[in-house]
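Contents: one structure, followed by commentary.
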Amino acid sequence: MSTSAPIRKQITVAATPERSFEVFTAGMGRWWNRQYSIGSEEMTTVVVEGHEGGRWFERGVHGAECEWGRVLVWEPPQRVVLDWQITGEWRYDPEVHTELDVQFVADAGGTRVELEHRGLESLGAQADGIREIFDGPGGWAGLLQGLLAVAAGGDA
Amino acid sequence: MVTYGDALDALGDPTRRAIFELVARRPQAVGELAGQVPVSRPAVSQHLRSLKAACLVQDRAEGTRRIYELDTAGITLVRHYLDRLWDDALNRFASAVTDPVDNKE
């Protein structure tokens, strides 16, 4: 398996594409697992601004906002593409770009939600670790610790 | 286990660091690398062995040549983590979509 091959997932939900699109985007804060938040504050919601170029960020209990990325494509109810800019060190990096492409396809069961996360080579040690090594210490320590903790932690 | 110290040590030598930077730009064979640094080919191989031990580069066979490239261990772990993250995300999303309490329609 190529390490930079896209991640592909799909799930069918008993709802219309319109409802599915809305819950996925405007409603993301209702279902996003708080364990996967990047801010230091407890996360209260996730905001996906409903237009191309819109921000994608989490908001904490005290109002702090942490960027996750941008809206690249906004085509309700069929498709949304988000730029996931969170690195392997689990922090936002404006120079990192990956594409989270989510499509909502009407089918007999309701809506088939097809998710593809691609461009993952942008997240690798190549992108992060090199800059940190050349710019100063701390980067490799964080990356290795973070990733080894994930690997050792079993089911998150 | 590779430590941060190992990685820094591996890059301490300026020639070793130059070799690492060349490999970072694009995958290359030992011979190609030797032509770009002012040390002998065996010395280049030695440096590559150190970089490999520090998990900074990895090698693969391409015909009769060995090609050196950046170690992708880091990205493999990230990919594995994201794979589980999206499984979790879609399951939670599916529950939210069909949650009658949450349903505005």
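The values are calculated or read from the model by the stated rules, or taken from the named source; none is laboratory data. Computed from a prediction, not measured in an experiment: that's the story for all the values here. Cβ: placed from backbone, ideal geometry, glycine included. Neighbour counts: every protein chain shown. Quick note on the areas: whole protein, heavy atoms, side chains included, nothing else; ligands and nucleic acids left out. Shrake-Rupley method; radii C 1.70, N 1.55, O 1.52, S 1.80 Å.
Okay, residues lined up against (1) crowded, with 16+ Cβ neighbours inside 10 Å; (2) at the interface with another protein chain (Cβ under 9 Å from one of its Cβ atoms); (3) out of contact with any Lys or Arg (no Cβ under 9 Å at 6 or more places or on another chain):
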{"position": "A:G53", "(1), (2), (3)": "no, no, no"}
{"position": "A:W56", "(1), (2), (3)": "yes, no, no"}
{"position": "A:R59", "(1), (2), (3)": "yes, no, yes"}
{"position": "A:E65", "(1), (2), (3)": "no, no, no"}
{"position": "A:G69", "(1), (2), (3)": "yes, no, no"}
{"position": "A:L72", "(1), (2), (3)": "yes, no, yes"}
{"position": "A:Q78", "(1), (2), (3)": "no, no, yes"}
{"position": "A:E99", "(1), (2), (3)": "yes, no, no"}
{"position": "A:R112", "(1), (2), (3)": "yes, no, yes"}
Under 8 Å by Cβ, and 6 or more places apart or on different chains, what pairs join a residue from segment A:85-110 that is under 11 Å from A:W68 (Cα atoms) and part of a strand (DSSP E or B) with one that is modelled with pLDDT of 90 or more and among the acidic types (D, E)?
A:Y92/A:E67
If you check B:Y81 against the conditions, is it within 14 Å of chain A (Cβ to nearest Cβ), surrounded by 14 or more Cβ atoms within 10 Å (Cβ to Cβ) and under 14 Å from the mean Cα position of the chain (by Cα)?
no
Is it the case that some residue within segment A:73-81 is modelled with pLDDT under 95 and β-branched (V, I, T)?
no
So which residues in segment B:28-48 are open to solvent by 40 Å² or more (accessible area, probe 1.4 Å) and part of a loop (DSSP other than H, G, I, E, B)?
B:G35, B:Q36, B:P38, B:V39, B:S40
Every residue in segment A:1-36 that is surrounded by fewer than 19 Cβ atoms within 10 Å (Cβ to Cβ), part of a loop (DSSP other than H, G, I, E, B), of a type in the set (S, T, N, Q) and under 14 Å from the mean Cα position of the chain (by Cα), please.
A:N33
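Which of the residues belonging to segment B:33-69 are in contact with a strand residue (DSSP E or B) (Cβ under 8 Å, 6 or more places away or on another chain) and of a type in the set (K, R)?
Of the residues in segment B:33-69, the ones in contact with a strand residue (DSSP E or B) (Cβ under 8 Å, 6 or more places away or on another chain) are B:33, B:48, B:51-52, B:56-62, B:65-69.
Passing the criteria: B:K52, B:R60, B:R65, B:R66.
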